[in-house]
Amino acid sequence: MDYIFVSHMESDEYGGIRIFLERYPDAKVICSRLASRELPGLGVECECVAADGDTVIEEGDISLKTITYPCEVHLQDGIIAYEQNSGILYSSDLMQSPGDGRDTVEECGYLPRAESISPVRIPNEKGLEDTKRKLASISPRFVAVGHGFCFVNADIM
């Protein structure tokens, strides 16, 4: 089974979904409960796996855990995804960095980067602290960011 991950309902996160679904028509879309209701309203026909902070998707060698966080648009729930077997964290916009990250992978500490998430990303004190607590509970090997430079976790090398 193929999956498409949509972290939250902003056009730069879901805008190309129709292209992926044309190529992979049987793919399931992993998204938040909110996105699973919004996508059909935008005319996107797909099977959604509505995820929250307790969702683990296991298939073959994949064990994907989702983590909710209050994302940019009105602090509505978005999700990030942590593939527990490979150690890859799909961090959405939470750990983005400025610059063109094409063909470049940085090496840096994951925990300092997670701790540096500011109120600009999550302008709600409780939501920010809760998200940082959730992020501190995992130890990814690689972080695939939504924008900017992906990075290898130097904390566990």
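The values are calculated or read from the model by the stated rules, or taken from the named source; none is laboratory data. Because the structure is a prediction, the values reported are computed rather than measured. FYI the Cβ positions are ideal-geometry reconstructions off the backbone, even for glycines, and counts take in every protein chain you see. Only protein heavy atoms, including side chains, enter the accessible area calculation; ligands, DNA and RNA are left aside. Shrake-Rupley method; radii C 1.70, N 1.55, O 1.52, S 1.80 Å.
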Open item on the list: Return the pair list, or none, for Cβ contacts closer than 8 Å from residues in region 97-115 that are open to solvent by 90 Å² or more (accessible area, probe 1.4 Å) to residues that are among the basic types (K, R), at least 6 apart or on different chains.
Closed with: E115/K132
- [ ] Identify the residue in region 103-157 that is among the small types (G, A, S) and in contact with a Pro (Cβ under 7 Å, 6 or more places away or on another chain) and, among all such residues, is farthest from H8 (Cα to Cα).
- [x] G148
Open item on the list: Tell me yes or no: at least one residue of region 108-124 is of a type in the set (F, W, Y), out of contact with any His (no Cβ under 8 Å at 6 or more places or on another chain) and more than 28 Å from K28 (Cα to Cα).
Closed with: yes
TODO: Starting from residues that are touching a Phe, Trp or Tyr at 6+ places or on another chain (Cβ under 8 Å) and small (G, A, S), keep the ones in region 1-30 and report whichever is modelled with the lowest pLDDT.
DONE: S7
Task: Filtered residue count, region 116-145, keeping only those that are within 15 Å of G87 (Cβ to Cβ), surrounded by fewer than 16 Cβ atoms within 10 Å (Cβ to Cβ) and in contact (Cβ under 8 Å) with a residue 12 or more places away in the chain - done: 3
Task: Given (1) surrounded by fewer than 16 Cβ atoms within 10 Å (Cβ to Cβ); (2) modelled with pLDDT under 95, number of the condition C46 does not satisfy - done: (1)
TODO: Could you list, in sequence order, all residues of region 12-57 that are polar (S, T, N, Q) and in a strand (DSSP E or B)?
DONE: S32
Task: Residue, modelled with the lowest pLDDT, within region 83-96, restricted to residues that are among the hydroxyl-bearing types (S, T, Y) and open to solvent by less than 60 Å² (accessible area, probe 1.4 Å) - done: S92
Task: Failed criterion for I80 (all others in (1) surrounded by 14 or more Cβ atoms within 10 Å (Cβ to Cβ); (2) of a type outside the set (S, T, Y); (3) out of contact with any helix residue (DSSP H, G or I) (no Cβ under 7 Å at 6 or more places or on another chain); (4) over 23 Å from L34 (Cα atoms) hold) - done: (4)
Open item on the list: Can you find a residue that is over 15 Å from E10 (Cα atoms) and not aliphatic (A, V, I, L, M) anywhere in region 28-37?
Closed with: yes
- [ ] Output the qualifying pairs, or none if there are none: Cβ atoms under 7 angstrom, residues six or more apart or on different chains, first residue in region 69-84 and within 16 Å of R133 (Cβ to Cβ), second residue assigned to a strand (DSSP E or B) and among the basic types (K, R).
- [x] Y82/K65
Open item on the list: From the list D26, D52, exactly one residue is without any contact (Cβ under 8 Å) to a residue 40 or more places away in the chain and open to solvent by 70 Å² or more (accessible area, probe 1.4 Å). Which is it?
Closed with: D26
